[in-house]
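Derivation of every value follows stated rules applied to the coordinates shown; laboratory data play no part. Worth saying up front: this structure is predicted, and the values here are computed from it rather than measured. FYI the Cβ positions are ideal-geometry reconstructions off the backbone, even for glycines, and counts take in every protein chain you see.
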Amino acid sequence: MKALLRGTDLVGLPVVTLAGDDIADVRDVLFDADAGQVLGFTLNKRGRLKGRMKETLDRQQIHAVGPAAIMVPPDVELVEQARGDRDGSGNVLADSVMTDTGVRVGTVTDVVIDTADGRVVGYEVLPSDEPDQRKGRRSYLPLPETGAVSGEALIVPASAIDYISTDLAGFGEAITRYRDMLGKSA
Amino acid sequence: MNVSELVGRPVLDLSTATTAGRIDDIVVDAASRCVAGFRLAKTSGPSTWLAWDNVAAVGADAVTIERPDLLTEEPNGSGRGVRSDKVLGGRLLTDEGRDVGPLADIEIDAESGAVRSLIVPTGRMAPEALLGIGSYATIVHDPR
């Protein structure tokens, strides 16, 4: 089973060493939209003196990403990042999602991350045309393993539409089915 | 025996047959998965640390020591106190970042001081599961 979390679920999680000490809070998720990969996290200080830390946590330094904490080795050394580097290659939130057949799916409200390897496996989207009773409800759109092209809009294969899921719980299976289908047709 | 049962237990000095203090806290070292020693209250002198190696016996009604000078100063980095550092009843995380707590109690071997099991909401965990006891949480191997 895939353990899927939304990017915003990770914001505010404590960064805890395997020795049991908390060293920071997740401020934001850095990710590479073209590679479909989480690069790391920017951090806030813990406790009452909250504020942005200069150091960031790199993906390679992470032991595990869980629902209650980001686990890191006890001897982790946070490295200060130069300002330009740490914003990753882009913020996809609020971008439009278009299929390669030219249909607008909606706008991105969050990214869905497979916690096992930090890959972005899908997007949470606010659909652009929904019946009124479902207004405001989010849908989950799977991504092909190769990632999606992002520029003015995110372009996804039209076939992904058939695998849209309305809840995160069933989404892991939808991704597996979608990628199986892509594998067979290739 | 669970460490919570030891809280408040008198420490009996066998050379004078008097009470040298009472156990206020039990300090567990996560690296060796053993009790490092006891922090005492109500001692007659300034020394409030009883290292596990200086204990003569852990009995049902008292912990005994051979001589009063076996109480010392607590060394730095001895471990975490299960009460003062809120290990018991505190946060329990797996190395996968899941919250599986709280940690209810720690079962120890009264002879060796070794941790025998961790008592958690879902049952017991083997001592090998224990990875660390820190200021934020106790960390265990993910059982999944």
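Hull volume per residue, based on the alpha-carbon atoms of chain B and their convex hull, is 95 Å³. Here the stretch A:1-87 yields Rg over Rh of 0.94, to two decimals, using C-alpha coordinates and the Kirkwood radius.
Taking a straight Cα-Cα cut-off under 12 Å and skipping sequence neighbours fewer than 8 places away in the same chain, the aspartates and glutamates within cross-link reach of B:LYS86 are B:ASP25, B:ASP105. Pick from B:VAL100, B:VAL27, B:VAL11: which residue has the top mean-square fluctuation in a GNM of chain B where Cα pairs under 10 Å get a spring? Of B:VAL100, B:VAL27, B:VAL11, the Gaussian network model singles out B:VAL100 as fluctuating most.
Here the stretch B:1-45 is scanned for amide nitrogen atoms under 19 Å from the site 7 Å beyond the Cα of B:LYS86 along Cα-to-Cβ, giving B:4, B:25-28. When Cβ neighbours within 10 Å are restricted to other protein chains, what is their mean count per residue of peptide A:55-61? Going residue by residue through A:55-61 and averaging, the value is 0. Counts of other chain beta carbons within 10 angstrom of each beta carbon in peptide A:69-78 average 3. Annotation for the stretch A:56-73 versus the stretch B:21-80: alpha-carbon center distance of 36 Å.
With Cα atoms as the point set, the radius of gyration and Dmax of the stretch B:92-140 evaluate to 10.6, 34 Å.
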